[in-house]
Each structure stands twice: as C-alpha cells, then as structure tokens.
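Each remark here refers to the structure printed beneath this line.
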Amino acid sequence: IRRGDEEVVVWGDGSPTREFLYASDAAEGIVLGAELYNGKEPVNLGSGEEISIKDLVETIAELTGFRGKLTWDSSKPNGQPRRSLDTSRATELFGFTAQTKLAQGLRETVEWYRNEIVPTEAGQ
C-alpha cells in the first residue's frame with residue numbers, strides 16, 4: 001500500500017479463504033522432500049492456516065499503517081471460494097511442518113519491503 005493512497009480497491013467481497021506458506025518454510029519443505037521422499041505421488045506443502053481475503057487485507061493495512069479506505073468491489077470476481085491443502089503426507093513422509101505463522105510472516109515481509117524496496121523506490 002503506497003504512501004498517500006486514500007483508498008485501496010480490492011476485488012470481490014473478501015469472503016474467500018486462502019492458505020499461505022512463508023518462503024523459508026517452502027524452501028525447507030522442498031529440501032526435505034528432495035532428500036527424504038522418493039515416491040511418485042505428489043505431496044502438498046502448506047501452512048495449515050487459512051485466512052479470509054478480508055482478514056488478510058485488513059491485517060496488511062494494519063501492519064503497513066494504512067489509514068485510508070478499503071473498498072470491496074463485488075462487481076469483480078472473488079475467485080475460488082477456498083484454497084487450502086491437505087499437508088498430512090508431507091508430515092508423515094518426511095516430517096515437514098511449517099514453522100512460520102501467517103502473522104509473523106506478514107510482519108517480516110512488511111519489514112523487508114520497508115528496508116529493501118522502499119529505499120530503492122525513493123532513490124529513483
């Protein structure tokens with residue numbers, strides 16, 4: 001959310017839910033799978049933590065200090081109502097369980113963005 005924006009328009013009504021996996025957890029899961037799993041069947045990696053798009057957007061707005069208006073454009077598609085994975089095979093077959101909770105991952109991502117991207121954009 002850019003500084004100075006007074007409004008952010010978000011597609012849909014915010015009701016769909018999603019599961020997100022922090023990048024370092026994904027990397028760990030891929031390495032574990034490559035080292036310890038030799039099967040033919042696919043194995044899902046995920047966090048096991050679901051959040052509505054509405055709650056996600058509100059959390060990001062809070063973490064970034066956005067004080068403008070969040071507008072839900074229900075004339076735009078919501079997308080798939082739910083995206084969540086059964087990750088039990090990853091746990092059973094090679095011991096993978098995501099370690100980073102969504103709130104922590106979002107905080108770290110916002111901090112990284114502020115430290116790495118914002119200074120670069122300011123220097124343009």
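Side notes on the structure shown:
- Counting the residues of the range 28-65 that are polar (S, T, N, Q) and over 19 Å from the mean Cα position of the chain (by Cα) gives 1.
- Among the residues of the range 62-94, those that are loosely packed, with under 15 Cβ neighbours inside 10 Å, in a helix (DSSP H, G or I) and not β-branched (Val, Ile, Thr) comprise Glu62, Ser88, Glu92.
- Given (1) closer than 25 Å to Glu7 by Cβ; (2) touching a strand residue (DSSP E or B) at 6+ places or on another chain (Cβ under 9 Å); (3) at pLDDT below 95, index of the condition Gly48 fails: (1)
- Residue in the range 32-53 that is among the polar types (S, T, N, Q) and within 18 Å of Val9 (Cβ to Cβ) present: yes
- In the range 5-23, the residues that are on the phi > 0 side of the Ramachandran plot form Cβ pairs under 7 Å with partners that are of a type in the set (Ser, Thr, Tyr), at six or more places apart or across chains, as follows: Gly12/Ser74; Gly14/Ser52.
- Extreme residue, farthest from Gly79 (Cα to Cα), among residues of the range 24-47 that are in contact (Cβ under 8 Å) with a residue 40 or more places away in the chain and charged (D, E, K, R): Glu35
The values are calculated or read from the model by the stated rules, or taken from the named source; none is laboratory data. None of these values were measured; they are calculated from a predicted model. With ideal geometry, Cβ positions are generated from the backbone for all residues, glycine too; neighbour counts draw on all protein chains shown.
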